[in-house]
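Chemist: Got a structure for you, questions after.
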Amino acid sequence: TLRSSAAALAQLAEAAWLSDHRQLQPLPELAELPGGSLLLSAAELRPLAAALPPEHRRRWRCLFSSARDGSSFTRLCAMTLARAPCLLVIRDGAGARFGGYSSAPLQLGPRWFGGSNSFLFRADGAGGVLLHRA
């Protein structure tokens, strides 16, 4: 019917606008990484930035990079513990990329910590990011 066709067209138009709008959101400024992220693509950075509180979306400062600072867990802890907010991105030996955002200072311990806007994520391998909130 004409009504169902109009409703379907309206849904498609809204989805296309939302898709285009996401692509237009500016990428965060990656201070101290002039070449950009070595771990995440622009398509993956956008949804991560959008998931952050608005005041933390634009300028990011690299606290630790194994390419720059070496592969030391002790150094990683020294550079990131007690710092907030923090977005941690990890690539494991198999190439999987994952991490988390915490609005609370990072700390070592067996329990989850962070505020209501903290989350875990993983890159899906197809340019997307899957978010997991508490």
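Chemist: Could you derive backbone 3J(HN,Hα) for the stretch 71-80 from the dihedral phi with the Karplus parameters 6.51, -1.76 and 1.60 (θ = phi - 60°), listing whole Hz in sequence and x where the residue is Gly or Pro?
Modeler: 9, 10, 5, 4, 5, 4, 4, 4, 7, 10
Chemist: For a label point 7 Å from the Cα of A43 along Cα→C-beta, name the residues of the stretch 97-134 whose backbone N is under 20 Å from it.
Modeler: 97-99, 121-132
Chemist: Share of Cα-Cα pairs in the stretch 39-134 beyond 16 Å, in percent?
Modeler: In whole percent, the long-distance tail amounts to 57.
No lab work stands behind these numbers, since they all come straight from the coordinates. Predicted, not measured: the structure shown is a model, and the values here were computed from it. Please note: Cβ atoms are built from the backbone with ideal geometry, for glycine as well, and neighbour counts cover all protein chains shown.
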